[in-house]
Amino acid sequence: MASANQTSDRIQSEAAPVHISSPQAPPTAVIREPEIRVYAHSRLLYWWPVWVCGYVMTAITHFYGQPHQIGAAREMFYPGSNLGMIFILTLTLVVLITNVTVRGLGSVIVILLLALGALLLAYFHKWDVVLGWLGNLKIHFNLGAYFWLSTMIFAIWALTVLVFDHLSHWRITPGQVTYESLFGSSSKSYDAENMVLEKHRDDFFRHWILGFGAGDLVIRPFGPQQDVIEIHNVFFLGSKVRKIEHLIATQPDR
């Protein structure tokens, strides 16, 4: 009887279907081609000290200002001309630096001495004395003037640098440089073989102080009839040039 049961179990075991799971192939990873995008910026890129200084003056006027009756309203003013003078000098220097190229050690020393002198006069509260010698024409901005002027300049700066300047860019991939527009209105490609890169940072204040190492990138494709590509006011120009040199020297996968 036991032998018959063992025989029956063996027959059932042999008749049972055997499921063999075939190993699944691992999903193929999508390998993206390395690339660098380079954006050209307008000179408004260097205007950040104006709105930063304006917001600082807004905060100081808010905490240390004194109310004055102007018509039917009470306005907050900082006593003395120090804040107004610093704000006007900051605006003047930014306009000068972003529109006039400052070259040579002598020019750098003169601007640094002027900035240092302005700060020392403000620190020792002597701007009112100096303005008294110049006709006693004091400089005062109320809290609203600092805030709204800084806000408008910041809005223009942010829209230009973070939005409008990003509507078009240069895309560098292994062996290829391509100009692309967000709306697809124009596109042009250049072969990167024997391409020459030049970085221009000839203005100490604009490129190093206000731009934190920004500069102009000039790309010269190979051949006498090729266009010269000029990309102005590029952030972190030095590190980008090193990466671009590596990419254009890399042969693309065929």
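The values are calculated or read from the model by the stated rules, or taken from the named source; none is laboratory data. Quantities reported herein were computed from a predicted structural model and do not represent experimental measurements. Every residue, glycine as well, gets a Cβ built from its backbone with ideal geometry; the counts of neighbours run over all protein chains shown.
What the table below lists for this structure:
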{"read-out": "Some residue of the stretch 101-109 being within 23 Å of the chain's Cα centre (by Cα), among the small types (G, A, S) and assigned to a helix (DSSP H, G or I)", "value": "no"}
{"read-out": "Residue identified as surrounded by 13 or more Cβ atoms within 10 Å (Cβ to Cβ) and part of a helix (DSSP H, G or I) among L162, L131", "value": "L131"}
{"read-out": "Residue list for the stretch 89-103, restricted to those being aliphatic (A, V, I, L, M), surrounded by 15 or more Cβ atoms within 10 Å (Cβ to Cβ) and closer than 27 Å to L131 by Cα", "value": "L89, L91, L93, V94, I97"}
{"read-out": "Verdict on F236 being modelled with pLDDT of 85 or more, out of contact with any His (no Cβ under 9 Å at 6 or more places or on another chain) and under 30 Å from L91 (Cα atoms)", "value": "yes"}
{"read-out": "Failed condition for G80, given (1) out of contact with any Asp or Glu (no Cβ under 6 Å at 6 or more places or on another chain); (2) on the phi > 0 side of the Ramachandran plot; (3) not acidic (D, E)", "value": "(1)"}
{"read-out": "Filtered residue count, the stretch 67-82, keeping only those that are farther than 15 Å from F147 by Cα and either in contact with a strand residue (DSSP E or B) (Cβ under 6 Å, 6 or more places away or on another chain) or in a loop (DSSP other than H, G, I, E, B) (or both)", "value": "8"}
{"read-out": "Hey, W133 under 28 Å from W48 (Cα atoms) and aromatic (F, W, Y) or not", "value": "no"}
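Each row is one residue, and each column tells you yes or no for (1) touching a Leu at 6+ places or on another chain (Cβ under 7 Å); (2) without any contact (Cβ under 8 Å) to a residue 24 or more places away in the chain; (3) under 18 Å from R37 (Cα atoms).
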site	(1), (2), (3)
D203	no, no, no
R220	no, no, yes
E230	no, yes, yes
K240	no, no, yes
I244	yes, no, yes
